[in-house]
Amino acid sequence: MKLIDRIGATAAAVVVAAGLSGAVQAAEWKGWNIHVPDYPNTVAMDKFAELLDKNSDGRITLKMFHGGVLGSQPDAIEQLRIGAIEIANFNLGPIGPVAPEANVVSLPFIFKDQDHMHRAMDGAPGEQISAGMEKIGIVALAWYDSGARSFYNTKKPINKPDDVAGMKVRVMNNDLYSGMISAMGGNPSPMAFSEVYQSLKTGVVDGAENNWPSYESTGHFEVAGFYSMSEHLIIPECVCINADVYNALSDADKELVRNAARESSVLQRELWAKRAEASREKVIKAGVKFNDIADKKAFQDAMKPVYAKFLESNPDLKPLVEAIQATQ
Ligand code: GTR
């Protein structure tokens, strides 16, 4: 073989090898989600996976693990931070304890309604919250809806903060939620989502709090038949990615991944609105006693110590709290 041919052959081999290693190195991400198969978030995360695959011609693939099979949400947050999983749909509630900026959305009644939450998250407050999450290794690609959380329990309707007094109420892992229950004289019980059904059933707790779709999809309505519309928390959720994984992508792939997440969030929000309605109808048909709380002032007033304590420990976050409250 002439030298020039040999060089040609070597170059061709290098190209083939590079091609192969490119194929071998194609990203195969693992994704965490806590919800059941037909839940809006589950369908939307599957759509996200499909878009990644399609728009990258198979270079980026995401295998979703639904139903919390990869662990509880607080565990999954740590797994995402260290890169044991690459992608997740998280509620910002359990992220708050490790990312103070993100904790602001867990202050009860900080958002007036879902539209206010959207405007704040799509504006400067959302940017500051994202930046806070990046500091702990999590990049928020898009926001999902999670409706409003209200109290439900096994015993009686709740109409005023005093009705919570003496009740043992499950909360997500976050001191703000424990403080919220204590401020009404109740006993907070932080616990994983997957344990709530049994705990309600066996009387380990008297109540919990969540939105209509989670109350319905988990079957909690079967064992805690009083749902009282306090709507005390409107917590956004994220499609999140490990920051190192994200930062290693080319600019074009960053864009591709963000666009796919955003497209999935459009779908999630549409499905969410429908599911919230359908879940509500389903549980009421099944016999759930539901009461509206038209005047929430007593609950809002009861939360003053929660705000005071939060701002005392996070004085630098006061402008963020005020910026959210002032968002028109
Ligand atoms: C749901 C939320 C989950 C989880 C759950 C809980 O509304 O979508 O991510 O946070 O509440 O109460 O643990």
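The values are calculated or read from the model by the stated rules, or taken from the named source; none is laboratory data. The structure presented is a predicted model; accordingly, all values stated were derived computationally and were not measured. Virtual Cβ from ideal backbone geometry, glycine too; neighbours counted across all protein chains shown. To get the accessible areas, we keep the full protein, side chains included, count just its heavy atoms, and leave off ligands, DNA and RNA. Shrake-Rupley method; radii C 1.70, N 1.55, O 1.52, S 1.80 Å.
Antiparallel DSSP bridges in the chain: what percent, to the nearest 5? Don't skip to the end; give the middle numbers.
Values: 19 of 36 bridges.
Once the DSSP bridges in the chain are tallied, antiparallel ones form about 55 percent.
Quick one: what are the phi-derived ³J(HN,Hα) couplings along the range 264-281, Karplus 6.51/-1.76/1.60 with θ = phi - 60°, whole Hz, x for glycine and proline?
3J(HN,Hα) across the range 264-281, in whole Hz: 5, 6, 4, 5, 4, 5, 5, 5, 4, 4, 5, 5, 4, 5, 5, 5, 4, 4.
If I build a Gaussian network model for the chain, linking alpha-carbon pairs within less than 10 angstrom, which residue out of Q79, Q268, Q198 has the largest mean-square fluctuation?
In the Gaussian network model the winner is Q198.
Rank G58, G31, G186 by mean-square fluctuation in a GNM of the chain with C-alpha springs under 10 angstrom and give only the top-ranked residue.
Of G58, G31, G186, the most mobile in the Gaussian network model is G58.
How much length would be gained if the chain were fully extended between E281 and E78, taking 0.36 nm per residue of separation minus their Cα-Cα distance, in nm to one decimal?
On the way: separation 203, 0.36 × 203 = 73.08 nm, distance 3.63 nm.
That pair, E281 and E78, stretches by 69.4 nm at full extension.
Just the number please: accessible area per residue for the range 98-234, 1.4 Å probe, all protein chains included, in Å². Mind showing how you got there, number by number?
On the way: 4510 Å² over 137 residues.
Here the per-residue accessible area is 33 Å².
Roughly how many percent of the accessible protein surface of the range 76-165 is carbon and sulfur, given a 1.4 Å probe and a whole-percent answer?
Details: 1430 of 2900 Å².
Result for the range 76-165: 49 percent of the exposed heavy-atom area is carbon or sulfur.
Just subtract the alpha-carbon distance of N159 and E312 from 0.36 nm times their residue separation and send over the number in nm, one decimal. Display every interim value, and only then the final one.
Numbers: separation 153, 0.36 × 153 = 55.08 nm, distance 2.97 nm.
The span from N159 to E312 would gain 52.1 nm if fully extended.
Net charge near V196, counting Lys/Arg +1 and Asp/Glu -1 over other residues with Cβ under 11 Å of its Cβ? Numbers along the way, then the final one.
Working: positive: R170, K201; negative: E195, E209.
Combined, the nearby Lys, Arg, Asp and Glu give 0.
Less than 10 Å Cβ to Cβ from K155, Lys/Arg counted +1 and Asp/Glu -1: what total charge do the surrounding residues give?
Around K155, the surrounding residues sum to -1.
Karplus couplings for the range 302-307 from phi (6.51 cos²θ - 1.76 cosθ + 1.60, θ = phi - 60°), rounded to Hz, Gly and Pro as x?
Values, residue by residue: 5, 8, 4, x, 5, 5 Hz.
Mind putting together the pair-distance distribution for the chain? All Cα pairs, 10 Å bins, whole percent per bin, short to long.
6, 25, 32, 21, 8, 4, 3, 2, 1, 0
Averaged per residue, what accessible area in Å² does the range 244-328 show with a 1.4 Å probe, protein chains only? Let's see the in-between values first.
Details: 5180 Å² over 85 residues.
I get 61 Å² per residue for this part.
Any idea what the dipole of the chain comes to, in debye rounded to 20, about its Cα centre with Lys/Arg Cβ at +1 and Asp/Glu Cβ at -1? The partial results should precede the final answer.
Details: 33 positive and 41 negative charges, 94 e Å.
About 460 debye.
Along each principal axis of its Cα atoms, how long is the range 157-200 end to end? Whole angstroms, biggest number first, please.
28, 22, 13
Between V266 and K135, what FRET efficiency comes out of the Förster formula 1/(1 + (r/R0)^6) with R0 = 22 Å and r the beta carbon distance, rounded to 0.05?
Working: r = 28 Å, r/R0 = 1.27.
The pair K135/V266 has a calculated efficiency of 0.20.
Under 11 Å from the Cβ of F226, count the other residues' Cβ atoms, weight Lys and Arg +1, Asp and Glu -1, and hand me the total.
Values: positive: K155, K156, K289; negative: D163, D206.
Once all neighbours under 11 Å are counted, the net charge is +1.
Answer rounded, prolate or oblate for the range 218-328, using the Cα gyration tensor with square roots of eigenvalues a ≥ b ≥ c: rounded when a/c is under 1.5, else prolate when a/b is larger than b/c, else oblate.
It comes out oblate by the Cα gyration axes.
Keeping the other protein chains in place, figure out the carbon and sulfur percent of the accessible area of the range 218-271, with a 1.4 Å probe.
Details: 970 of 1980 Å².
Looking at the range 218-271 in its full context, I get 49 percent from C and S.
Which FRET efficiency value, to the nearest 0.05, is calculated for K30 and K296 with the Förster distance at 51 angstrom and r the Cβ-Cβ distance? Walk me through the intermediate numbers first.
Working: r = 40 Å, r/R0 = 0.79.
FRET efficiency, K30 to K296: 0.80.
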